[in-house]
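> Before I ask anything, let me first share the structure, which is written out below as C-alpha cells.
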Amino acid sequence: MNTPSENKVMIKVVKSECKLYNPGDQIFIDGPLIDTSKSANVCVTALNAIYPFIFALRKKVSPEALGFEGEVTVQCPDYCAPVIFSLSGMVDE
C-alpha cells in the first residue's frame, strides 16, 4: 500500500497502565491505513495523540528532526491509564 516516498510505521507499547494494551503490543501503519491483520487494538484517544508523529515518520522525517534522540517516544494523554509508545519508520519489506 505505501508508496516509494513513504515509510511504513511500527508502533510498539513500551509501558502500559491501561487495560487495553500490554507492553510489546504492536500496531502497523501502511500508508494511511492501519494493517489490522498484524496489529493490536487501536485506541482512538491514543491514535489522536500520536498521529502527527505517525504522519511525519511516514513521510521519512527523522526522529532527530522531530526533536527526539534515536526513536520517537510518546504517551497517550489519558492520565488515568497512561500508555507509552515508541514509533519507528520501517523500510518496505
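Bear in mind these aren't lab numbers, they're just calculated from the coordinates by the rules spelled out. All values derive from a computational prediction rather than experimental measurement. Because the Cβ atoms are built from the backbone with ideal geometry, glycine has one as well, and the counts that use them run over all protein chains shown.
> Identify the residue in the stretch 63-79 that is closer than 21 Å to LYS19 by Cβ and not hydroxyl-bearing (Ser, Thr, Tyr) and, among all such residues, is farthest from the chain's Cα centre (by Cα).
From the stretch 63-79, those closer than 21 Å to LYS19 by Cβ are 74-79; that's our starting set.
Next, only the ones that are not hydroxyl-bearing (Ser, Thr, Tyr) stay: 74-78.
Details: VAL74: 9, GLN75: 10, CYS76: 11, PRO77: 14, ASP78: 16 Å.
The qualifying residue farthest from the chain's Cα centre (by Cα) is ASP78.
> Filter the stretch 40-65 for residues that are surrounded by fewer than 16 Cβ atoms within 10 Å (Cβ to Cβ) and in a loop (DSSP other than H, G, I, E, B) and give the result.
Scanning the stretch 40-65 gives ASN41, VAL42, LYS59, LYS60, VAL61, SER62, GLU64, ALA65.
> Same structure, new question: Going through the stretch 72-92 one residue at a time, which ones are surrounded by fewer than 17 Cβ atoms within 10 Å (Cβ to Cβ), within 13 Å of LYS15 (Cα to Cα) and free of Cβ contacts under 8 Å to residues at least 40 places away in the same chain?
Listed by number, the list holds a single entry, GLN75.
> Next up: Any idea how many residues of the stretch 30-39 are part of a strand (DSSP E or B) and acidic (Asp, Glu)?
Within the stretch 30-39, the subset part of a strand (DSSP E or B) is 30, 33-34.
From the residues that got through so far, the ones that are acidic (Asp, Glu) too are 30.
Total meeting the criteria: 1.
> Then there's this: Can you pull out every residue in the stretch 22-39 that is farther than 14 Å from SER86 by Cα, touching a Phe, Trp or Tyr at 6+ places or on another chain (Cβ under 9 Å) and of a type in the set (A, V, I, L, M)?
Of everything in the stretch 22-39, just one residue is farther than 14 Å from SER86 by Cα, touching a Phe, Trp or Tyr at 6+ places or on another chain (Cβ under 9 Å) and of a type in the set (A, V, I, L, M), namely ILE34.
> Could you please tell me which pairs satisfy a Cβ distance under 8 Å, a separation of 6+ or placement on different chains, a first residue in the stretch 45-64 that is under 15 Å from GLY31 (Cβ atoms) and free of Cβ contacts under 8 Å to residues at least 60 places away in the same chain, and a second residue that is in a helix (DSSP H, G or I) and not hydrophobic (A, V, I, L, M, F, W, C)?
So the pair list comes out empty.
> Quick test of your reading of the structure: ASP78 fulfils all but one of (1) assigned to a loop (DSSP other than H, G, I, E, B); (2) out of contact with any Ser or Thr (no Cβ under 8 Å at 6 or more places or on another chain). Name the failing condition by number.
Failing condition for ASP78: (2).
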